[in-house]
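Before I ask anything, let me first share the structure, which is written out below as structure tokens.
The values are calculated or read from the model by the stated rules, or taken from the named source; none is laboratory data. Note that this is a predicted model, so its numbers are computed, not measured. Cβ sites come from the backbone with ideal geometry, for glycine too, and all protein chains shown count toward neighbours. Just the protein is used for accessible areas: all its heavy atoms, side chains included, with ligands, DNA and RNA removed. Shrake-Rupley method; radii C 1.70, N 1.55, O 1.52, S 1.80 Å.
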Amino acid sequence: MIRVPIRPLLSSLALLAALPLTSIAADTVKVGVIAEMTGSFADFGRQMTTGAKAYIREHGDTVAGRKIELIVRDVGGPSPDVSKRLAQELVVKDNVDFLAGFGLTPNALAVAPIATEAKKPTIIMNAATSIITTKSPYLTRVSMTLPQVTAPLGDWAYRNGIRKVYTAVADYGPGYDAEAAFKKSFTALGGQITGDVRMPLTNPDYGPFVQRIKDSKPDAVFVFVPAGESAVGFMKAYAERGLAAAGIRLIATGDMTDDGVIDALGASAVGIITTHHYSAAHESPENKAFLAAYAAVDPNHRPNFMAVGGYDAMAVIYSVVRQLNGNVDPDKAMALIKGMKIASPRGPVEIEADTRDVTQNVYVREVKRVDGKLYNVEFFTTPAVKDPGKEAARQP
Ligand code: PHB
């Protein structure tokens, strides 16, 4: 006969009863979201988390009998150390099943070693430097890469009569990627780069850079700066220094004219050509449903590409949790993510199995007034573009 020591059993039951409900892990699937919620990049966090909440609102908060819980942590600006600490806390204290978020590249790169060590499927909602997903087998991305959205613009520019371009990019990973990709596709056709400049990521004064560009008289300036305040700042300097009047066109990735700020850019933005993966003006039933779900969570802002990143990250998580019947095993989760297809508001998306990076349409768009408001109106599509930065990963 086995004797059960009655006292320890009772005391452990008493302990269990005293625990808060949230610590009974099996009931919820926890998603730790690390996002820029304050400071000059606060729009990134607001867009990503609102997009994620829109998905939950539209699809219900329970999957395979488990409630989906977002735990949002503010990383502030580009702060790799803070990002790393938050990831550690989310893994160790909160016992999250997934990590997600990351508007800025340095914040995403910082968590790669933790994702590997803790085996946490980590879904990048925005950060777009090509190399990020190579840093851990537990990283995947549902946003874009800069080479992916930039290369088609070099083609478009040359084919539309632009011959001399000055490149101006933010001085960090995505800027270097954009600069290299533009130069490669534009010069491959015969285009000439007349100068290049890298501008500070934080607190930039664009005036002197823009003046130098004007003085060198290119046909166009190609720009990558992060969406939001930086884009508004660059556009202001471009307008104030009279580049358009001097015949120097502005061409850019869609970060420049993102839906979150496009109306604030004003009349000087009309006619600007950009390439990107998402426009709020994209016509599809999926985008209609997304816009409605987003408006139900936040009626005061227009969603941008980062909101789509948040929304699609949840689509990935819901699909994984459903297919695993609520038991999130990290390696099984990654196996399901590889090759996953999403009917995204931006168009069809596939997570490439070899790279865990996103394959998607890239659109050429023109800023136009639609019903009195500015929109990026898509007029040319390069379908199913893979990240050109990953050629080596695809070698047999
Ligand atoms: C990035 O840091 O990777 C980043 C930030 C903002 C963008 C695009 C990329 O608009």
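What nm value, rounded to one decimal, do you get for the distance between Asp354 and Lys164 when each label is placed 7 Å out toward the C-beta?
It works out to 4.0 nm between the two label points.
Let me ask another. Quick check: pseudo-label points 7 Å beyond the Cα along Cα→Cβ at Glu89 and Lys373, how many nm apart are they?
Between Glu89 and Lys373, the simple spin-label model gives 3.6 nm.
With θ set to phi - 60°, apply the Karplus curve 6.51 cos²θ - 1.76 cosθ + 1.60 along region 68-77 and write out the HN-Hα couplings as whole Hz, x wherever there is a Gly or Pro.
Residue by residue, region 68-77 yields 9, 10, 8, 10, 9, 10, 8, 8, x, x Hz.
Tell me, what ³J(HN,Hα) does each residue in region 265-274 have, in order and in whole Hz, if you take phi through Karplus 6.51 cos²θ - 1.76 cosθ + 1.60 with θ = phi - 60° and put x for Gly and Pro?
Result, ordered by residue: 6, x, 4, 5, 7, 4, x, 5, 9, 9 Hz.
Helix-only estimate, please: 222 nm mean residue ellipticity of the chain, summing -39500 (n - 2.57) across DSSP H runs of length 4 or more and dividing by its residues, to the nearest 500.
-11500 deg cm²/dmol, from helical runs alone.
Moving to a separate point now. Determine the share of the chain's accessible area contributed by carbon and sulfur atoms, expressed in whole percent, with a 1.4 angstrom probe.
54
Got a sec? Which residues in region 143-173 would a label at Arg198 touch, if it sits 7 Å along Cα→Cβ and we count backbone N under 13 Å?
168-173
Still on this structure: Under 10 Å, Cα contacts only: if you run a Gaussian network model on the chain, which one of Asn325, Asn300, Asn287 comes out with the highest mean-square fluctuation?
Looking only at Asn325, Asn300, Asn287, the largest GNM fluctuation is found for Asn300.
Which shape class applies to region 258-396: rounded if a/c is under 1.5, otherwise prolate when a/b exceeds b/c and oblate if not, where a ≥ b ≥ c are the square roots of the Cα gyration tensor eigenvalues? Before the final figure, lay out the partial values.
Details: a/c = 2.89, a/b = 1.53, b/c = 1.89.
Oblate is the answer for region 258-396, as a/c is 1.5 or above yet b/c matches or exceeds a/b.
What residue among Asp215, Asp171, Asp371 shows peak mean-square fluctuation when the chain is described by a Gaussian network model with Cα springs under 10 Å?
Fluctuation is largest for Asp371.
Hey, can you find the accessible area per residue of region 196-331 for me, probe 1.4 Å, expressed in square angstrom? The partial results should precede the final answer.
On the way: 5050 Å² over 136 residues.
Accessible area per residue: 37 Å².
Right, here's the next one. Using alpha-carbon positions, what is the distance between the centroids of region 184-220 and region 353-396, in Å?
So the separation of the two Cα centres works out to 23 Å.
Now for a different question. Would you mind counting up the charge near Ala112? Only other residues with Cβ under 11 Å from its Cβ, with Lys and Arg at +1 and Asp and Glu at -1.
+2
For region 160-240, just say rounded, prolate or oblate: build the C-alpha gyration tensor, square-root its eigenvalues into a ≥ b ≥ c, call rounded for a/c under 1.5, and beyond that prolate if a/b exceeds b/c, oblate if not.
Oblate shape, in that a/c is at least 1.5 and b/c is the bigger or equal ratio.
Something else now. Output ³J(HN,Hα) for region 84-89: one whole-Hz value per residue in order, computed from phi by the Karplus curve 6.51 cos²θ - 1.76 cosθ + 1.60 with θ = phi - 60°, and x for Gly and Pro.
5, 5, 4, 5, 4, 5
Let me ask something else about it. How many angstrom lie between the Cα centre of region 265-290 and the Cα centre of region 95-125?
29
Does the chain classify as rounded, prolate or oblate by the C-alpha gyration tensor (a ≥ b ≥ c root eigenvalues; a/c under 1.5 gives rounded; else a/b over b/c gives prolate, otherwise oblate)?
Prolate, since a/c reaches 1.5 and a/b exceeds b/c.
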